[in-house]
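Heads up: the structure comes next, in structure tokens.
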Amino acid sequence: MIRILSIFLLSFTLAAYTPFVHAASPDTLRVDVTETSRAQGQFFTVRATATRSAPSLWFMERTYTMFLQPDSSWKAMVPVENLTKPGTYALLVRTTTGEKKIPVRVNPNNRKIQYITLDPSKKGLRATEIEKMRVKTALLTESPDKLYSGVFLRPAPGRTSSLFGLKRSYNGRPVESYHKGIDISAPQGTPVKSTADGRVVLCGTVREGFQVHGNTVIIDHGQGLTSIYMHLNTISAIEGSPVRKGEVIGTVGHTGISTAPHLHWGTYLYGISVDPQLFEGRQY
Ligand SMILES: [Zn+2]
């Protein structure tokens, strides 16, 4: 009886393992995209499994790093630049053993065009080379570790006075720029908090040449995601230091090109701005 039982148990055990033995080859690439239809200024979340080495990901003639996740999959949040022409495009994921092409749709976000007439006397209010270079470099940070977790916080209380993505035409010329964040209206001195855990990669001040951005903090959240906080009155963050979600990094002000105290908050993926409202109160 004991013998019969042990044979039964043995065959049961073998049966339980069988599916793993006959599973698809570990090199059979699988690619999932959470939503295949997104609007301008949003992003596609792409995940690749069953590949040991980092896959290469292409979208709109640009390559994006895919980052290794704790479950051995590879992930990238691929931004759709706000001025991308609506239409059908493809996400291409390639490994040494195969490739997958996923058709995706980019829809218009219907954000209004603001027609701005620039006073010739304001032509001097241009970003300095130092602020352009330092901001660009910081926003392009791609550190391999995912530093953020849980839901993203709104960095300051207050009314959203300007949305992300409003397109701008200057002096009747075609649209060539847009609002790369949201504006939160708040009194001067209101504490500004980091939206998520990360590392401070830039603290720039008016004194250092940040004429347009004003006093600015940029935080790297890892895996291609960064956030920017502009026009600050004071900065308490320290460049190079780690920062926790909800930690005060400065206060609301109106330094740089700003007419009234407000926080300009932006979120970037691989250096391309995406709508911060996609992050607030959500997790990825
Ligand atoms: Zn703004």
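The values are calculated or read from the model by the stated rules, or taken from the named source; none is laboratory data. Bear in mind the structure is a predicted one, so any value in this text is a computation, not a measurement. Here the Cβ positions follow ideal geometry from the backbone for every residue, glycine too, while neighbour counts run over all protein chains shown.
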Identify all residues within region 207-233 that are surrounded by fewer than 18 Cβ atoms within 10 Å (Cβ to Cβ), away from the ligand (no atom under 16 Å from the Cβ) and in contact (Cβ under 8 Å) with a residue 24 or more places away in the chain; write none if there are none. GLU208, GLY209
Reported set for region 149-200 where residues are surrounded by 20 or more Cβ atoms within 10 Å (Cβ to Cβ), more than 14 Å from GLN277 (Cα to Cα), small (Gly, Ala, Ser) and within 16 Å of the ligand (Cβ to nearest atom) is ALA186
From the options SER37, SER53, residue that is of a type in the set (Ser, Thr, Tyr) and at pLDDT below 95: SER53
Restricted to region 238-255, and to residues that are part of a strand (DSSP E or B) and under 18 Å from GLN223 (Cα atoms), which residue is nearest to the ligand (Cβ to nearest atom)? VAL243
With respect to SER258, determine if the residue is part of a loop (DSSP other than H, G, I, E, B), more than 16 Å from the ligand (Cβ to nearest atom) and under 30 Å from THR84 (Cα atoms). no
Against the definition (surrounded by fewer than 23 Cβ atoms within 10 Å (Cβ to Cβ), within 16 Å of the ligand (Cβ to nearest atom) and in a loop (DSSP other than H, G, I, E, B)), how does SER273 come out, yes or no? no
